[in-house]
Structure formats: structure tokens, C-alpha cells
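**Student:** Have a look at this one before I ask anything.
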Amino acid sequence: MHVRFWGVRGSVASSGSNVAKIGGNTSCLELESHGHRLIFDAGTGLRALGDSLIKSPPVKATMLFSHLHWDHVQGFPFFGPAFMPTSELTLYGPGADGEQLLQSVLKNQMEPPNFPVPLTAMRARMDFRSAVPNRVIETGPFRVTPFELPHPQGCIGYHVEADGFRFAYCTDVEMTLESLRTEVGDRLAGVDALVLDAQYTRDEYEGRVGPPKKGWGHSTNVDAARIAKAVGAQRLFLFHHDPGHVDTQVEDMAEEARAYFPMSEPARENKHITLG
Ligand SMILES: [Zn+2]
Ligand SMILES: [Zn+2]
């Protein structure tokens with residue numbers, strides 16, 4: 001199972017030489033195994049992923065959305081394969097009504113006054129479905145289990161099993177080790193790689209730097225590391241970096257996380273890892 005990060009930033013994209021090592025694109029992650037492909041979220045990182053896929057058509061992918069905040073959908077209008085009639089996309093929206101919800105959000109963001117080209121200009125075959133918590137999705141070698149996460153307006157985490165390995169995509173979640181729900185902890189237990197929201201420092205979260213971030217839907221680097229240790233994950237990728245954090249701050253936050261869980265590292269754009 002190959003994992004590649006295409007967008008690791010949260011909230012809004014950032015650019016500049018001081019964020020270039022970590023990367024400024026918003027959430028997008030690719031999992032590939034035996035020619036089958038999962039894409040998690042359609043943040044601005046999706047554009048470059050599309051450009052890479054378009055080189056070897058036909059493109060076939062299953063896209064799984066954690067939720068529909070703009071940093072998780074804004075890359076979709078720029079996803080090249082969606083314009084190709086040979087592409088086949090299966091798109092899972094979050095929750096029991098995810099099918100309708102996702103379709104309307106992707107349609108609305110491409111309508112006036114937001115965008116010049118409508119969703120109907122995309123010629124790919126698109127099959128919209130719902131990612132219902134705890135209802136398993138089987139596709140190719142992947143066995144995917146969606147689960148609920150605490151986040152304003154809700155969010156879905158995804159647990160993936162393939163090739164004897166376990167992976168969890170768990171972004172946009174506000175939790176501490178103390179508030180970790182059993183249902184979430186059980187999904188993260190013993191995973192080989194855990195991608196977890198770690199947007200804030202503790203000082204930012206508590207309001208010692210800027211306004212308090214409690215209730216904004218994100219976790220701290222320290223809580224992410226404490227959770228990774230408690231659930232027995234093998235590796236932790238700190239994810240959904242704050243757009244205001246430059247490379248050195250993100251590296252410092254990873255260093256701080258390693259004091260709690262040594263196998264912590266920041267998710268980096270274009271980083272590729274192989275499980276197995
Ligand atoms: Zn987000
Ligand atoms: Zn969000």
C-alpha cells in the first residue's frame with residue numbers, strides 16, 4: 001500500500017519560501033495498491049494529483065470526503081481527470097445523506113458567482129455515494145470503514161485495511177487523550193500509519209497566543225502524539241498544518257510531539273511512504 005501526501009495544510013492554502021518544505025496545499029492524500037486508487041479529500045493538493053494521473057488514462061479512482069468545509073473541496077474544479085470522458089470516479093460524501101450533500105456542494109461551488117465552468121462540463125462518469133459511519137466500503141484490495149469524528153458540522157474519519165496493513169485518515173477532529181471517544185480509539189488502535197489533525201500548539205489552543213481555539217474543531221500536536229501512543233499506532237503523521245505556521249514552526253511542533261510519541265513526523269507535500 002503506497003501513501004502519498006498531495007496537500008497537508010488546513011483551513012486555507014498558504015504559499016511562500018517559508019512554507020515550501022512542508023507544502024502549502026490543503027488536504028489531499030492518495031492511497032494506491034495493486035493499481036487501485038483511493039483519494040481522501042479534494043483540497044487544493046488535488047490539482048497536482050490530477051495532473052499526475054492524467055498522464056496515464058483512463059483514470060479510475062474512489063474519492064472519499066471527510067467533510068465539506070472548503071479546504072476539503074476547493075481542488076475539485078481543478079481536477080483534470082474529471083474533465084475526461086474516459087475517467088470513472090466513485091465519490092463518497094460524508095454521512096447518511098452524503099451522496100446528495102456532496103453532489104450539491106461540488107455543483108454549487110462551480111456555479112456563478114463562484115466559478116466560470118459548471119460541474120456538468122466535467123465529462124467523467126461520476127457515481128455519488130454515501131460514506132455511512134461503520135458501514136464498510138470494499139473496493140479493490142481496500143476495506144474502508146468510515147467513522148464519526150467530533151468537529152463543527154461533523155466529520156468522517158476513515159480506517160483502511162489492505163495488503164495486511166492498517167491505515168487511518170483522521171483529519172479535522174478536536175480531541176485530547178482525555179476526550180478521546182472509545183469508538184474513535186478503537187478505530188485507531190494499532191494502525192501502521194495514523195494521519196491525525198495537529199493544527200495548533202497548546203499555547204494557541206489555550207489562547208496564550210491569539211484568540212483561544214477551543215471549539216474550532218482541531219487538535220494540538222501534543223494531543224495528537226499522546227493519542228497515537230495511547231492507541232498503539234506505529235507511526236504518526238501530524239496533519240492539517242495551520243496556514244500561518246512556517247516550516248520551522250511545523251518542525252518544532254513535530255519535535256515537541258516526539259517527546260510524547262517518538263514515531264511522530266509532520267506530513268509533507270509529495271511525501272511518499274510504502275506500508276509493506
Ligand atoms: Zn480542514
Ligand atoms: Zn473542517
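**Student:** Find the Rg to Rh ratio for region 44-93, where Rh is the Kirkwood radius over alpha-carbon pairs and Rg uses the same atoms.
**Tutor:** 0.95
**Student:** Okay, next question. Could you compute how fast the chain diffuses translationally, taking Rh as the Kirkwood radius over C-alpha pairs and applying Stokes-Einstein at 25 °C with viscosity 0.890 mPa s? Give it in µm² per second.
**Tutor:** For these conditions, the coefficient is 132 µm²/s.
**Student:** Right, something else. With θ set to phi - 60°, apply the Karplus curve 6.51 cos²θ - 1.76 cosθ + 1.60 along region 35-44 and write out the HN-Hα couplings as whole Hz, x wherever there is a Gly or Pro.
**Tutor:** These are the phi-based 3J(HN,Hα) values: x, 9, 10, 10, 10, 9, 6, 10, x, 5 Hz.
**Student:** Give me the Debye-computed log₁₀ of I(q)/I(0) at q = 0.09, 0.18, 0.21 Å⁻¹ for region 68-213, equal point scatterers on Cα only, no solvent, two decimals.
**Tutor:** Per q value, in the given order, log10 I(q)/I(0) is -0.36, -1.15, -1.32.
**Student:** Taking the alpha-carbon centroid of each part, what is the distance from region 17-52 to region 71-87 in angstrom?
**Tutor:** 12 Å
**Student:** Then there's this: So for region 164-210, Kirkwood radius off the Cα pairs, Stokes-Einstein at 4 °C and 1.567 mPa s: how many µm² s⁻¹? Numbers along the way, then the final one.
**Tutor:** On the way: Rh = 12.2 Å.
D, rounded to a whole number, is 106 µm²/s.
**Student:** Moving on. Only Cα pairs under 8 Å and at least 6 apart count here; give the relative contact order of the chain as a rounded whole percent. Intermediate values should be presented prior to the final figure.
**Tutor:** Details: 696 pairs, mean separation 52.3, N = 276.
For the chain, the relative contact order is 19 percent.
**Student:** Something else now. Which percent of Cα-Cα pairs in region 1-66 sits in each 5 Å bin, short to long?
**Tutor:** 4, 18, 26, 25, 14, 9, 4, 0
**Student:** Hey, another quick one. Could you derive backbone 3J(HN,Hα) for region 114-122 from the dihedral phi with the Karplus parameters 6.51, -1.76 and 1.60 (θ = phi - 60°), listing whole Hz in sequence and x where the residue is Gly or Pro?
**Tutor:** 7, 7, x, 10, x, 4, 5, 6, 7
**Student:** Quick one: what do you get for region 184-267 if you divide its Cα Rg by 2.2 N^0.38 Å?
**Tutor:** Compactness ratio reported: 1.03.
**Student:** Which whole-Hz ³J(HN,Hα) couplings does region 93-99 yield from phi under the Karplus relation 6.51 cos²θ - 1.76 cosθ + 1.60, θ = phi - 60°, glycine and proline marked x?
**Tutor:** Computed from phi, the couplings for region 93-99 are x, x, x, 4, 9, x, 4 Hz.
**Student:** Out of every Cα-Cα pair in region 56-147, what percent are more than 16 Å apart?
**Tutor:** 56 percent
Bear in mind that the values in this text are calculations on the coordinates, not laboratory data. These figures come from a predicted structure and were not determined experimentally.
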